[in-house]
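Step one of this worksheet: look at the structure below.
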Amino acid sequence: MRRLHKCFGKLAAVLGMVLLGACTHVPAGPPLKTVSNVDLQKYLGTWYEIATIPAWFEKDCTAVTATYSLRPDGKIKVVNQCRKKTLDGSLNKIEGRAWIADGKDASKLKVSFFLWFAGDYWIIELDHDYRYAVVGSPNRAPSMDESLYQTLLQRIAGHGYDITKIHKTLQPSL
């Protein structure tokens, strides 16, 4: 039973963190600040990961996306997927759910992919037109202007992240 518990614990940890790197690392330093307002209706849809601080469970992932849709119970359906090694590699997909952590501030979500294990999903940068968000999946397009990308890297550094650990994610051209 103990071995089974350890196995489920590791699986839960992996599944609970599959947020395109969004909730896997909180840097040391000042408290992480989130954006002041998130319109969930505008946030719903498919987001493309432009760059991430890779986690071991994302090894060899390309074409990483997260798709959000409203569930009948008011929570958010989350579908994360990636292709292994190449843009036409095998598809890995996982479905979870998200909800507003405190019931009112949509910039702080909780996301769960396995039972009761949930991770923080905090939106720390968000374009007013919802073209990009910094949570590990900063753009709704599979590419981003390089100067904007560099500007966002500097902002992320200002939140205390080590930007030398961030790697761009390969995405197909649309």
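Shown in residue order for the range 68-77 are the 3J(HN,Hα) couplings computed by the Karplus curve 6.51 cos²θ - 1.76 cosθ + 1.60 at θ = phi - 60°: 10, 9, 7, 8, x, 7, x, 7, 10, 7 Hz (x for Gly and Pro). Volume per residue of the convex hull around the Cα atoms, evaluated for the range 45-128, comes out as 125 Å³. Couplings 3J(HN,Hα) for the range 32-41, derived from phi with the Karplus relation 6.51 cos²θ - 1.76 cosθ + 1.60 (θ = phi - 60°), are 6, 9, 9, 5, 7, 8, 10, 8, 4, 4 Hz, where x marks Gly and Pro. When the charge dipole of the range 38-174 is built from unit charges on Cβ atoms (+1 for Lys and Arg, -1 for Asp and Glu) and taken about the Cα centre, the candidate among LEU70, ILE123, LEU152 whose Cα reaches farthest toward its positive end is LEU70.
Here r is the Cβ-Cβ distance between LYS75 and ARG155 and R0 is 30 Å; the resulting FRET efficiency, rounded to 0.05, is 0.55. Our Cα-only numbers for the range 41-84 put the radius of gyration and Dmax at 12.2, 35 Å.
Checking the Cα-Cα distances for LYS85/LYS165; LYS42/LYS93; LYS59/LYS108; LYS104/LYS165 against a 30 Å cut-off, the pairs over it are LYS104/LYS165. Here the peptides 97-109, 41-53, 150-162 are ranked by packing, the mean other Cβ count within 10 Å, and the order with the highest first is 41-53, 97-109, 150-162. Size of the range 61-174 from its Cα atoms: along the principal axes, largest to smallest, the extents are 39, 36, 26 Å.
A dipole drawn for the range 50-150 from +1 and -1 charges on Cβ atoms has a positive end, and of SER112, ILE53, VAL135 the residue lying farthest that way is SER112.
Throughout, read-outs are computed from the coordinates displayed, never taken from laboratory work. Quick caveat: nothing in here was measured; it's all calculated off a predicted structure. Note: ideal-geometry Cβ built from the backbone for every residue, glycine included; neighbour counts use all protein chains shown.
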